[in-house]
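Trainee: Below: one structure in structure tokens.
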Amino acid sequence: MQSETRALSARVFFLNRSLPALLIIAAIGIAAQLILQIAASESDRVALDRQTHLFTMAVGDIRASIAHDQESVTVWDDSVTNLRKGDLDWVDINLGSWMHSYFGHDAAFVLSPDDTPLYAFDDEARQPPEDYDRIAACADPLVAGLHEKQREQDSDGLSDRILTQGASDFCIVTGRPAVISAKPVVTDSGKEELEQEPGREYTHIALRFVDGDFLTMASQRYMILEPRFSPTAAQGSGEASIALQTASGNTLGYFVWRPWRPGHAILDRMTLVLAALTALIAMVVEAFLYILSRRLVSQQRAEARARHLASHDLLTGLPNRLQFQKAIDSRLADTGHDQAPLCLLYLDIDRFKQVNEIYGHLAGDSLISAVGARLGALVRDTDIIARIAGNQFGLFMSGVADENEAECFCNRLFDALRAPFLVEDEPITVTFSAGFTLTPATEVTREEIERQAEIALDYAKTTGRNRHVGFKPQQDEHLRERRQLEAELRLALAAEDQLVPHYQPVFNAAGDRITGMEVLLRWFHPQRGPVSPAFFIPIAEQCGLIEEIDAYVLRRACAAARQWPDLIISVNASAVELRRAGYADRTAATLAEYGLSPRNFEIEVTETAMIDRTGECNRTIRTLRDLGFGIALDDFGTGFSSLGHLQQFKVDRIKIDRSFIMGLDRPTNGRAIVSALIQLAQAMNIRTTAEGVETAGQQTLLAEMGCDSLQGYYLSRPLSEAQMLERIARQQNFGLAV
Ligand code: C2E
Ligand code: CA
Ligand code: CA
């Protein structure tokens with residue numbers, strides 16, 4: 001599952017993208033905030049300009065309006081008349097207190113034509129005329145200026161609204177800022193008797209403080225916040241100010257206020273909204289990323305799984321052949337110039353077909369996965385292991401110095417594989433064949449090393465199995481030879497004279513009478529000489545010639561058997577043909593052709609054929625018995641079966657394998673085993689034949705143990721038909737003696 005671990009985990013994917021996304025959103029948020037701030041500052045600046053302008057206008061207005069207010073009483077015949085009369089009470093009512101109560105003027109003064117103070121109103125009450133001294137410093141220059149304008153009869157600035165010249169200015173009166181305005185008192189009707197000499201009119205002076213009420217008015221009308229008069233200008237950004245200057249440009253002080261900042265008011269509210277919006281966007285993006293990461297990762301996983309499935313074997317989870325070849329290619333490319341040898345090994349489970357047949361395909365599958373798991377635990381991380389065919393595994397290893405080291409590794413491997421595999425709760429022991437090859441110093445293609453490992457494995461399998469073999473160029477020869485043999489075997493079958501059945505006599509326990517014979521085929525090769533059936537029968541089984549060969553052997557044996565009507569003829573039947581439908585009938589038909597009875601024939605079957613799970617061998621065996629053939633269980637004790645199987649499957653005879661007989665001479669428990677086997681068979685009413693009896697001692701012992709029949713070189717080697725005839729003739733001539 002390497003590729004799966006390579007797939008990103010959702011967490012890593014999310015973390016990798018989440019932080020940058022958050023940073024980007026934060027940056028956008030900050031940028032938006034900055035833009036807002038700039039817009040707010042700009043709008044505040046515009047607002048401040050406007051407030052400054054309004055405040056300045058208000059200050060100008062009050063100066064103009066005070067003069068305008070004055071004209072309501074200074075351009076009036078009654079005023080001139082009553083001043084001339086010296087009626088100061090009238091003056092007080094009309095030019096003083098009325099101005100205060102109606103227009104809100106803080107003080108009013110009247111000067112005579114020679115500028116002597118005549119009347120004063122201040123502090124909400126009539127005052128002695130000397131009160132004028134309070135403002136004299138400010139007012140005198142204005143009055144002088146006004147007289148000057150009057151004298152010159154300056155009509156500049158006069159209109160329907162402004163009827164008379166005037167002079168006004170700001171000044172500080174008893175520490176407070178004030179506007180002072182001087183106006184001449186003149187006739188409104190232009191009556192001659194009321195005319196005065198220009199520059200020598202009565203002068204009305206009005207004063208209004210521009211702090212206090214004025215600031216309250218400014219605050220209400222122009223929305224100037226917290227206005228105050230201060231000798232110093234505004235400090236810092238929290239306040240704004242405009243200077244109050246006299247006509248001559250002297251700064252008297254400053255109007256200071258807290259500017260109204262609409263931009264920042266909006267900004268304060270917007271900052272919160274923006275922060276909430278940014279947080280919301282961040283959450284949405286994070287949620288989206290999270291969902292995306294989950295989806296992407298599950299998609300990646302699915303892809304990785306699909307890739308894994310395409311390149312791996314389902315049963316074992318190991319890489320498949322294609323993946324194995326890719327890995328070899330890349331390893332070969334990597335080590336192109338560094339000449340460290342690499343080792344390719346192929347490993348086969350011996351007789352795997354039989355495991356499938358005996359235990360079933362499910363068991364076969366679990367055996368393969370158990371073998372895969374054990375192999376996986378044996379190899380190093382750097383080695384590559386794969387299942388490359390049904391019961392074949394491939395191992396590709398680096399760091400194998402030479403053939404010796406490879407052999408050592410194979411020994412360890414085989415040791416580890418020797419322990420039984422638990423398949424469906426049943427321990428199964430299997431053997432393995434392995435072929436390996438080491439990459440030579442010179443460059444080599446993958447196809448070539450594959451071919452070499454294949455040949456080595458083939459060699460291991462055809463030279464006895466349960467072994468490991470390193471590749472040698474001669475094996476090529478071996479393989480070629482095998483192919484050649486196959487072809488030659490076909491020819492031999494056609495030629496007939498090369499394949500000659502021989503007959504090995506089977507004796508009674510005393511060894512003095514032939515009771516039957518086993519038909520054993522011999523191949524006399526024109527060039528090679530005699531070839532052992534142990535060698536060519538497996539080839540015939542593999543290349544599909546066995547049926548034809550056995551049919552041929554049977555016919556030849558039948559022809560010969562007609563000469564020995566009293567003897568039991570045993571023929572070997574391979575599991576391959578027992579599985580074929582119709583074998584029993586075909587065999588019976590052949591016998592019928594030669595007028596022979598199945599009662600005189602025994603079919604030798606192997607244990608693996610008997611316990612074949614497909615049941616086909618068994619069906620054939622049952623049919624054979626029903627037809628009257630005897631059934632002998634060959635090589636008893638060497639296969640998968642146990643004594644238990646004897647009860648299950650009916651046989652007439654067991655042939656105790658040569659390996660047990662060989663052990664008889666030695667003082668081991670071999671004797672006990674053979675004796676037990678014979679007793680068991682007797683108890684089950686099964687006859688026994690001992691195979692491979694080679695010594696007199698073995699014969700005596702077997703006779704004592706109660707073995708029924710004996711077969712072996714000690715008594716007779718397999719004989720040709722002619723030799724057999726001669727042997728039987730001798731037996732008949734000499735009575736019972738052989
Ligand atoms: P098998 O059926 O177990 O045959 C007995 C083998 O033991 C024969 O080998 C025989 O020559 C050998 N033998 C007999 N007595 C002795 C002895 O005292 N010492 C030793 N060392 N060997 C002894 P053979 O003829 O080489 O046959 C080998 C195997 O080939 C047979 O084993 C049988 O499985 C198979 N075979 C032979 N002929 C045929 C045939 O016509 N058809 C089939 N299907 N298989 C055959
Ligand atoms: Ca046999
Ligand atoms: Ca045998």
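The values are calculated or read from the model by the stated rules, or taken from the named source; none is laboratory data. Small disclaimer: the values here were computed from a predicted structure and weren't measured. Reconstructed Cβ throughout: ideal geometry from the backbone, glycine too, with neighbour counts over all protein chains shown. The accessibility values were calculated without ligands, DNA or RNA, using every heavy atom of the protein model including side chains. Shrake-Rupley method; radii C 1.70, N 1.55, O 1.52, S 1.80 Å.
Trainee: Calculate how many DSSP beta bridges within the chain are antiparallel, expressed in % of all such bridges and rounded to the nearest 5. Write down the numbers at each step before the final one.
Mentor: Working: 75 of 100 bridges.
Around 75 percent antiparallel, to the nearest 5.
Trainee: Another question, then. Given charges of +1 on the Cβ of Lys and Arg and -1 on the Cβ of Asp and Glu, with all other atoms neutral, how large is the dipole of the stretch 66-219 about its Cα centre, in debye to the nearest 20?
Mentor: Numbers: 12 positive and 31 negative charges, 45 e Å.
Magnitude of the dipole: close to 220 debye.
Trainee: Rolling a 1.4 Å sphere over the protein heavy atoms, what is the accessible area per residue of the stretch 483-580, to the nearest Å²? All intermediate terms of the calculation are to be shown ahead of the outcome.
Mentor: Values: 4110 Å² over 98 residues.
Computed with neighbouring chains in place, this is 42 Å² per residue.
Trainee: Rank by packing, highest mean first: peptides 120-128, 505-513, with packing defined as the count of other Cβ atoms within 10 Å averaged across residues.
Mentor: On the way: 120-128: 16.7, 505-513: 19.1.
Per-residue Cβ counts within 10 Å, averaged per peptide and sorted highest first, yield 505-513, 120-128.
Trainee: Considering only protein heavy atoms and a probe of 1.4 Å, how much of the accessible area of the chain is carbon and sulfur, as a whole percent?
Mentor: 54
Trainee: When each pair of different Cα atoms in the stretch 321-472 is counted once in the 1/r mean, what is the Kirkwood radius in angstroms, to one decimal?
Mentor: On the way: mean 1/r = 0.0634 Å⁻¹.
With all distinct Cα pairs of the stretch 321-472 included, I get 15.8 Å.
Trainee: Separate question: If you average the sequence gap of Cα pairs under 8 Å that are 6 or more apart and divide by the length of the stretch 496-733, what percent do you get for the contact order? Could the numbers behind the result be given before it?
Mentor: Values: 393 pairs, mean separation 50.0, N = 238.
Value for the stretch 496-733: 21 percent.
Trainee: Would you list, by chain and number, the lysines whose Cα falls below 21 Å from the Cα of LYS85, excluding same-chain residues fewer than 8 positions away?
Mentor: Correct list for LYS85: LYS183, LYS191.
Trainee: If you take the charge dipole of the chain about its Cα centre, with +1 on Lys and Arg Cβ and -1 on Asp and Glu Cβ, which of ILE537, ALA120, THR700 is farthest toward its positive end?
Mentor: The residue sitting farthest along the positive end of the dipole is THR700.
Trainee: Tell me, how many Å apart are the Cα centres for the stretch 193-238 and for the stretch 97-124?
Mentor: 16
Trainee: Quote the FRET efficiency, to the nearest 0.05, computed for SER230 versus GLN196 with a Förster distance R0 of 45 Å and r equal to the Cβ-Cβ distance.
Mentor: Numbers: r = 43 Å, r/R0 = 0.95.
According to the calculation, E is roughly 0.55.
Trainee: Right, another one. Of ASN250, LEU332, ILE603, which is farthest towards the positive pole of the chain's charge dipole, taken about the Cα centre with +1 and -1 on the beta-carbons of Lys, Arg and Asp, Glu respectively?
Mentor: Comparing the listed Cα positions along the dipole, ILE603 ranks first.
Trainee: What is the set of long-range amide H partners of VAL186 at a cut-off below 5 Å, with H atoms built 1.01 Å from backbone N?
Mentor: For VAL186, the qualifying residues are VAL75, TRP76.
Trainee: Rounded to whole Å, give me the distance from the Cα center of the stretch 473-551 to that of the stretch 319-394.
Mentor: Here the two parts' Cα centres lie 35 Å apart.
Trainee: Send over a whole-number figure in Å² for the accessible area per residue of the stretch 140-298, probe 1.4 Å. Present the calculation step by step, with values, prior to reporting the outcome.
Mentor: Values: 8810 Å² over 159 residues.
I get 55 Å² per residue for this part.
Trainee: Sticking with this structure for a sec: Quick check: from the Cα gyration tensor, does the stretch 516-570 come out rounded (a/c under 1.5), prolate or oblate? Walk me through the numbers before you get to the answer.
Mentor: Details: a/c = 2.41, a/b = 1.75, b/c = 1.37.
It comes out prolate by the Cα gyration axes.
Trainee: Here is a further query. Peptides 688-699, 181-192: what's the order by average Cβ count within 10 Å, highest mean first? Each step should come with its number before you reach the end.
Mentor: Values: 688-699: 20.7, 181-192: 18.8.
In descending order of packing, they fall as 688-699, 181-192.
Trainee: With a 4.7 Å Cβ cut-off, tell me which Cys residues in the chain come up empty for a partner.
Mentor: Lacking a cysteine Cβ partner under 4.7 Å: CYS343, CYS408, CYS410, CYS543, CYS558, CYS617, CYS707.
Trainee: To continue, here is another question. Towards the positive end of the charge dipole of the stretch 321-472, with charges on Cβ (+1 Lys, Arg; -1 Asp, Glu), say which of ALA453, LEU395, HIS361 has the farthest Cα.
Mentor: The residue sitting farthest along the positive end of the dipole is HIS361.
Trainee: If we sort 280-287, 573-580 on the protection proxy, mean other Cβ atoms within 10 Å, highest first, what's the order?
Mentor: Details: 280-287: 13.2, 573-580: 19.5.
By packing density, highest mean first, the sequence is 573-580, 280-287.
Trainee: Right, another one. If Rh is defined by the Kirkwood formula over all Cα pairs and Rg also comes from Cα, what ratio Rg/Rh do you get for the stretch 496-733?
Mentor: Working: Rg = 17.3 Å, Rh = 18.3 Å.
The Rg/Rh ratio comes out at 0.95.
Trainee: How long is the gain from ASN466 to GLU407 if the chain were fully straight, where each residue apart is worth 0.36 nm and the alpha carbon distance is subtracted? Present the calculation step by step, with values, prior to reporting the outcome.
Mentor: Numbers: separation 59, 0.36 × 59 = 21.24 nm, distance 1.40 nm.
The ASN466-GLU407 span can extend by a further 19.8 nm.
Trainee: From largest to smallest, what semi-axes in whole angstrom does the stretch 66-219 give when each is the square root of 5 times an eigenvalue of its alpha carbon gyration tensor? If you can, show how the numbers build up before the last one.
Mentor: Values: eigenvalues 107, 59, 45 Å².
Largest first, the stretch 66-219 gives 23, 17, 15 Å.
Trainee: Pairs of alpha-carbon atoms within less than 8 angstrom and 6+ residues apart define the contacts here; what relative contact order does the chain have, in percent? Display every interim value, and only then the final one.
Mentor: Values: 1158 pairs, mean separation 63.3, N = 738.
RCO, the chain: 9 percent.
Trainee: Rounded, prolate or oblate: which fits the chain when a ≥ b ≥ c are the square roots of the eigenvalues of the alpha-carbon gyration tensor, with rounded for a/c under 1.5 and prolate only if a/b beats b/c?
Mentor: Numbers: a/c = 7.23, a/b = 6.09, b/c = 1.19.
Prolate is the answer for the chain, as a/c is 1.5 or above and a/b outweighs b/c.
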